[in-house]
Amino acid sequence: MSAVRRLARLLPEPVRKLAVLNVGRVNRNLPGLRVDWGDIARRAPFSQVYGWDRGLPVDRHYIEQFMKANERLIAGDVLEVRSALYSQKYGSAATRTIVDVDEGNKAADLHADLNVAGSIGENRFDCVVLTQVLQYTDPQAALRTVKLALRPGGTALITVPCVGRTDPEAPDMDQWRWTPRGFAVTLERAGLTGEVQGFGNSLAAAALLLGLAAEEVPEPRLTEQDVSFPVVACVVAR
Ligand SMILES: C[S@@+](CC[C@H](N)C(=O)[O-])C[C@H]1O[C@@H](n2cnc3c(N)ncnc32)[C@H](O)[C@@H]1O
């Protein structure tokens, strides 16, 4: 306990409360600590579509970086959910299979529910690209399904949100957010291994929630990593 706190404990309660109030008032007005709400004191975010209408959403910036860094693993028979967003842009997939539980997704080669064991086959893929999907599933069940579908030596490139608005189009399905540590535990319980990395910082997290795009976050703040404020958690799982 700091000396100031020890001293504060000796003060009578009313005096202590007054002191705490005044410390707050002083801190709120110190140069560099005074907040200027400027453009961000608004009711609605700048974008209702995560920032896609302004540029690249902030979480997608980190996901792109992660895919780029691991693109050598996107090879052979590759499975991706909803579209070939990353397996087309990165790596050298020999075949791409698109899966979705949504029967309305005409781009899907396979309509299957990841929550159901064996629904995407066994020993079938060299790589599974699973970005921003697990929050809609029973995560351990879905991860076990992915594990079963991987060939020996295969990898899954997985990303999950640490922060982010709820999905306005699927509010009843969008269920989870993770800390990197929590995601490591989820993986472990599903029998997968891999080093989970968190990406982001407080400004990037705020920008994401406000619906701003990565292009609007001044460099080098976008690339600075602060382990206390992850935006996404990413893993190469085996
Ligand atoms: C937010 S989108 C992300 C898609 C894409 N991977 C990306 O990064 O943009 C989530 C997708 O997961 C699908 N999905 C949700 N739950 C699922 C499940 N249990 N099995 C298969 N797909 C599921 C949804 O239908 C939707 O297409």
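The values are calculated or read from the model by the stated rules, or taken from the named source; none is laboratory data. The structure displayed is predicted, hence computed values, not measured ones. All Cβ positions, even for glycine, are placed from backbone atoms using ideal geometry, and neighbour counts span all protein chains on display. Ligands, DNA and RNA are excluded from the accessible area calculation, which covers all protein heavy atoms including side chains. Shrake-Rupley method; radii C 1.70, N 1.55, O 1.52, S 1.80 Å.
Sort out which residues of the range 109-126 are part of a strand (DSSP E or B) and within 12 Å of the ligand (Cβ to nearest atom), and write them in order of number.
Here is the first cut: in the range 109-126, the ones part of a strand (DSSP E or B) are 110-111, 125-126.
Within the range 109-126, Leu110, His111 qualify.
Taken as a whole, the condition of being in contact with a strand residue (DSSP E or B) (Cβ under 7 Å, 6 or more places away or on another chain) and over 27 Å from Gly200 (Cβ atoms) does not apply to Ile74. Scan the range 191-199 and give yes if some residue there is surrounded by 12 or more Cβ atoms within 10 Å (Cβ to Cβ) and over 23 Å from Val146 (Cα atoms), otherwise no. Checking the range 191-199: at least one residue is surrounded by 12 or more Cβ atoms within 10 Å (Cβ to Cβ) and over 23 Å from Val146 (Cα atoms).
The single condition from (1) within 11 Å of the ligand (Cβ to nearest atom); (2) open to solvent by 20 Å² or more (accessible area, probe 1.4 Å); (3) in contact with a helix residue (DSSP H, G or I) (Cβ under 9 Å, 6 or more places away or on another chain) that Pro139 fails is (2).
Every residue, every condition in (1) polar (S, T, N, Q); (2) part of a loop (DSSP other than H, G, I, E, B); (3) at pLDDT below 95, yes or no:
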site	(1), (2), (3)
Asn22	yes, no, yes
Asn27	yes, no, yes
Tyr50	no, yes, no
Tyr62	no, no, no
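Can you tell me which residue within the range 151-179, out of those that are open to solvent by less than 30 Å² (accessible area, probe 1.4 Å), more than 10 Å from the chain's Cα centre (by Cα) and of a type outside the set (A, V, I, L, M, F, W, C), is nearest to Gly51 (Cα to Cα)? Once the filter is applied, the top-ranked residue is Asp167.
The set of residues in the range 96-105 being more than 12 Å from the ligand (Cβ to nearest atom) and either in contact with a helix residue (DSSP H, G or I) (Cβ under 7 Å, 6 or more places away or on another chain) or of a type outside the set (S, T, N, Q) (or both) consists of Arg96 alone.
Going residue by residue through the range 102-111, is there one that turns out to be among the hydrophobic types (A, V, I, L, M, F, W, C) and either open to solvent by 80 Å² or more (accessible area, probe 1.4 Å) or under 21 Å from the mean Cα position of the chain (by Cα) (or both)? No, the range 102-111 has no match at all. Scanning the range 68-87 for residues that are within 12 Å of the ligand (Cβ to nearest atom) and more than 17 Å from Arg151 (Cβ to Cβ) gives Val81, Arg82, Ser83, Ala84, Leu85, Tyr86.
Mind telling me which of the residues Tyr90, Tyr136 ends up being at pLDDT 95 or above and either out of contact with any Lys or Arg (no Cβ under 9 Å at 6 or more places or on another chain) or of a type in the set (A, V, I, L, M, F, W, C) (or both)?
Going through Tyr90, Tyr136 in turn, just one is at pLDDT 95 or above and either out of contact with any Lys or Arg (no Cβ under 9 Å at 6 or more places or on another chain) or of a type in the set (A, V, I, L, M, F, W, C) (or both): Tyr136.
Every listed requirement among (1) touching a Gly at 6+ places or on another chain (Cβ under 9 Å); (2) surrounded by 18 or more Cβ atoms within 10 Å (Cβ to Cβ); (3) under 27 Å from Gly91 (Cα atoms) is met by Leu148 save one, (2).
Inside the range 200-214, residues that are open to solvent by less than 40 Å² (accessible area, probe 1.4 Å) and farther than 25 Å from Asp102 by Cβ make up a count of 9. Here Asp77 meets the list (1) assigned to a loop (DSSP other than H, G, I, E, B); (2) among the acidic types (Asp, Glu); (3) in contact with an Asp or Glu (Cβ under 9 Å, 6 or more places away or on another chain) almost entirely, failing just condition (1).
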